[in-house]
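Colleague: This structure is in C-alpha cells; I'll ask about it shortly.
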Amino acid sequence: MLTEIEKVLPSEIEKRSFEIIAEELGDKQLIPGTESIVKRCIHTSADFDYADNLIFSENVVEKALKAIRGGASIVTDTQMGKSGDQLKNVLPAMVERYNCFMSDDDVAQAAKRNKTTRAAASMDKAAKLGEQVIFAIGNAPTALVRLYELIKEEKIAPELVIAVPVGFVNVVQSKELILSLENTPYIVARGRKGGSNIAACICNALLYMGDGGKRE
C-alpha cells in the first residue's frame, strides 16, 4: 500500500528534507561544528551511514574555513566533482580557484611516461602550484596514494584533504593512509562509501559556512 504523499512546495523541498534528516538522526551526537557537513552528505546520498563513517581530524572545519577565506584553491580528481559544486551561487570568487587537471595534456603525457594513472599525475601537477590547496578526492584511490607520498616527501602541505573515493580496489587502504597523517587536516569517509557527489557536497557545506550562509 502506498503511503500518503506529503504536499510540499518546490521551494520548501530542501528545507523539509533537512527536517526529516534531523528527525531521523534523533539524539545522535555529531561532532560540534561538523553537523552541516554530515547532514549535507546524508541529503546528497540518502545514506545515514555518513553520520558514523565521516572522520574529522582535530579542528579541521575551523582550519578549512580559514584556508578558504585566505584564498586556498580546490583541486579535485573529477570534472564531475568540479561541476557538482554550486560555486556561482555560493562564493563566486572561488570559481577561478577550482581546478581539475585530469583532462590536461601534460597530465596525460606524464601518466603515460611514468606508467601511472592520470589521477596520480594530476596530484604531481597540483604539488607544483605553489599555493594553498584543498584536495577533494571522490573517485580515484591512486590520487590519495600519490598525495600521501607527496605529503610524506614534504613536497606539499595541503590545507585540507577530503578523502572520499568510492569502490572496492584500494579504496579503504588509500583512505587509511590519509588517516595515518598526523599533521594534515582531513575529512575521510571511512570504508568503501563515498563518491564525487560526496566530495562536492562537503565542499559545498564548507563554502556555505565560509561565506556565512544560512543553509544546513
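The values are calculated or read from the model by the stated rules, or taken from the named source; none is laboratory data. Predicted, not measured: the structure shown is a model, and the values here were computed from it. In this analysis, Cβ positions are derived from the backbone assuming ideal geometry, glycine residues included, and neighbour counts consider all displayed protein chains. We work out accessible area using only protein heavy atoms, side chains counted, and drop any ligands, DNA or RNA first. Shrake-Rupley method; radii C 1.70, N 1.55, O 1.52, S 1.80 Å.
Colleague: Just give me the residues in the range 14-42 being exposed (fewer than 10 other Cβ atoms within 10 Å of the Cβ) and more than 21 Å from Cys203 (Cα to Cα), in sequence order. Outline the logic, then answer.
Modeller: Let us first name the residues in the range 14-42 that are exposed (fewer than 10 other Cβ atoms within 10 Å of the Cβ), namely 23, 26-27, 29, 32.
Glu23, Gly26, Asp27, Gln29 - these are the residues of the range 14-42 that are exposed (fewer than 10 other Cβ atoms within 10 Å of the Cβ) and more than 21 Å from Cys203 (Cα to Cα).
Colleague: Out of everything in the range 125-146 that is of a type in the set (Lys, Arg) and at pLDDT 95 or above, what residue ends up being nearest to Ser174 (Cα to Cα)?
Modeller: Arg146
Colleague: Scan the range 119-135 and report the pairs whose first residue is more than 18 Å from Tyr186 (Cα to Cα) and whose second residue is open to solvent by 30 Å² or more (accessible area, probe 1.4 Å), with Cβ atoms within less than 6 Å and a gap of 6+ or a chain change.
Modeller: So the pair list comes out as Ala119/Thr142; Ala120/Thr142; Ala120/Arg146; Ser122/Met102.
Colleague: Which residue pairs have Cβ atoms closer than 6 Å, lie 6 or more positions apart in sequence or on different chains, and pair a first residue in the range 19-48 that is in a loop (DSSP other than H, G, I, E, B) with a second residue that is surrounded by 15 or more Cβ atoms within 10 Å (Cβ to Cβ) and not aliphatic (A, V, I, L, M)?
Modeller: Once the first residue is in a loop (DSSP other than H, G, I, E, B) and sits in the range 19-48, its partners that are surrounded by 15 or more Cβ atoms within 10 Å (Cβ to Cβ) and not aliphatic (A, V, I, L, M) give Ile31/Phe56; Thr34/Phe56.
Colleague: For the range 112-128, which residues satisfy the criterion of being small (Gly, Ala, Ser) and out of contact with any Ser or Thr (no Cβ under 7 Å at 6 or more places or on another chain)?
Modeller: Just the residues of the range 112-128 that are small (Gly, Ala, Ser), to begin with: 119-122, 126-127.
Answer for the range 112-128, where residues must be small (Gly, Ala, Ser) and out of contact with any Ser or Thr (no Cβ under 7 Å at 6 or more places or on another chain): Ala121, Ser122, Ala126, Ala127.
Colleague: Tell me which of these Lys214 doesn't satisfy, since it passes every other one: (1) modelled with pLDDT under 95; (2) farther than 14 Å from Ile74 by Cβ; (3) surrounded by 24 or more Cβ atoms within 10 Å (Cβ to Cβ).
Modeller: Exception for Lys214: condition (3).
Colleague: For the range 121-163, give me the residue count where each residue is outside any loop (DSSP other than H, G, I, E, B), open to solvent by 10 Å² or more (accessible area, probe 1.4 Å), under 25 Å from Asn53 (Cα atoms) and of a type in the set (A, V, I, L, M).
Modeller: Selection size over the range 121-163: 2.
Colleague: Quickly run through the range 165-196 and pick out the residues that are surrounded by fewer than 17 Cβ atoms within 10 Å (Cβ to Cβ) and closer than 16 Å to Asn139 by Cβ.
Modeller: Selection gives Gly167, Phe168, Val169, Asn170, Val172, Gln173, Gly191, Arg192.
Colleague: I'd like the residue in the range 49-75 that is assigned to a loop (DSSP other than H, G, I, E, B) and open to solvent by less than 50 Å² (accessible area, probe 1.4 Å) and, out of all such residues, is nearest to Tyr98 (Cα to Cα). Don't jump to the end; show me each part of the working.
Modeller: We begin by selecting, within the range 49-75, every residue assigned to a loop (DSSP other than H, G, I, E, B); these are 49, 57-59, 70-72.
After this cut, where a residue has to be open to solvent by less than 50 Å² (accessible area, probe 1.4 Å) as well, the list is 57, 71-72.
Details: Ser57: 23, Gly71: 11, Ala72: 9 Å.
Out of the qualifying residues, it is Ala72.
Colleague: From the list Ala199, Ala205, Ala119, which residue is touching a Lys or Arg at 6+ places or on another chain (Cβ under 9 Å) and within 22 Å of Ile31 (Cβ to Cβ)? Steps first, please.
Modeller: Numbers: Ala199 fails: touching a Lys or Arg at 6+ places or on another chain (Cβ under 9 Å); Ala119 fails: within 22 Å of Ile31 (Cβ to Cβ).
Exactly one of Ala199, Ala205, Ala119 is touching a Lys or Arg at 6+ places or on another chain (Cβ under 9 Å) and within 22 Å of Ile31 (Cβ to Cβ), namely Ala205.
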